[in-house]
Amino acid sequence: MSRSEQRTATATVDRAIEAFRQGRPVCIHDADDREGETDLVYPAGAVTPDAVARLRNDAGGLVCVAVAHEVAEAFALPFRQETVDHPAAENHDLSYDDRSSFSLTVNHRDTHTGITDEDRALTIRSLGAAAAAPADTEFATQFRAPGHVHLLRAAEGLLGDRQGHTELGIALAAATGVPRAVVVCEMLDGETGGALDPRDAADYATQHGFPYIEGTQLVDRLG
């Protein structure tokens, strides 16, 4: 990498860190040889009903909350595959990774159905607040399962173990100093239904004033 490219990468990561610190979203592309997807990523504590609407309408994928390993341990969150007693949970082979990060699905206990923008925003913000003090959180008192917000567990060694959007988002949160809970949602192409082309994702980010960053840039800086 040339010095010019290094400076550009550093500035890009700095922009992403500052945006996250301010509670604004970041578009993160993982890698062409992995999922090859761009996720719209928010700090969980900053998510409003309008943010949930953006995730639904502009991204279109599955709205998930990723939490750091130590947060998941404090909440006693299992990996979902380990709790499902069904043949479909066996031999869970993935073409892009060794395992799935999925854990429980939850709603905050103060929600109604749990699926509205207001309900999901309440669940997500509450998860962000809980992640700020996981040892002081009575998880089952605040949340019920199953629900409408999918939880993801980050790898214990974070980017050293796995470089999915779960770990990329948590690494960004850690660098920013916000609680280690982030919302990730895949950006889909409204016409084809496939993953949004990275160039189109970058254009979207530019139009809305959001940082767009490659996962490799985060790994190089924060890994």
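Miscellaneous remarks
- Over region 3-222, relative contact order from alpha-carbon pairs under 8 Å, at least 6 apart, %: 35 percent
- Here is the size of region 101-200 from its Cα atoms: Rg then Dmax, 15.0, 45 Å.
- Distance between the pseudo-spin-label points of Thr141 and Thr206 (7 Å out from Cα toward the beta carbon): 5.1 nm.
- Dipole check for the chain: with +1 at the C-beta of Lys and Arg, -1 at the C-beta of Asp and Glu, and the Cα centre as origin, the magnitude is about 760 Debye.
- Computed lengthening from Asn57 to Arg15, 0.36 nm per intervening residue step minus Cα-Cα distance: 12.7 nm
- Within region 187-219: backbone nitrogen closer than 18 Å to the Thr48 label point (7 Å, Cα to C-beta): 208-211
- Over the chain, the pair-distance histogram of Cα-Cα distances with 10 Å bins from zero comes to 8, 35, 38, 16, 3, 0 percent, rounded to whole numbers.
- Here's the picture: a label point sits 7 Å out from the Cα of Ala76 along the beta-carbon direction, and within region 131-175 the residues with their amide nitrogen under 15 Å of it are 135-145.
- Taking 0.36 nm per residue of sequence separation and removing the Cα-Cα distance, the Arg199/Ala174 pair yields an extension gain of 6.3 nm.
- Kirkwood hydrodynamic radius (C-alpha pairs) into Stokes-Einstein, region 148-220, 20 °C and 1.002 mPa s, D in µm²/s: 156 µm²/s
- Between Thr83 and Glu118, the FRET efficiency estimated from the beta carbon spacing at R0 = 25 angstrom works out to 0.30.
- All Cα-Cα distances of region 119-173, cut into 10 Å bins from zero to the largest, leave 21, 46, 32, 2 percent in each bin in turn.
- With θ taken as phi - 60° and the Karplus curve 6.51 cos²θ - 1.76 cosθ + 1.60 applied, the whole-hertz 3J(HN,Hα) list for region 155-167 is 5, 4, x, 6, 5, x, 9, 7, 10, x, 4, 4, 6 Hz, x standing for glycine and proline.
- Cβ-based net charge around Leu158, under 12 Å, with every Lys or Arg adding one and every Asp or Glu removing one: -1
- Note, ³J(HN,Hα) from phi for region 188-196, Karplus 6.51, -1.76, 1.60, rounded to Hz, x at Gly and Pro: 10, 7, x, 8, 8, x, x, 4, 5
We did not get these values from a lab; they are worked out from the coordinates using the rules stated. Computed from a predicted model, the values in this text were never measured in an experiment. Here Cβ is always computed from backbone atoms with ideal geometry, including for glycine, and neighbour counts include all displayed protein chains.
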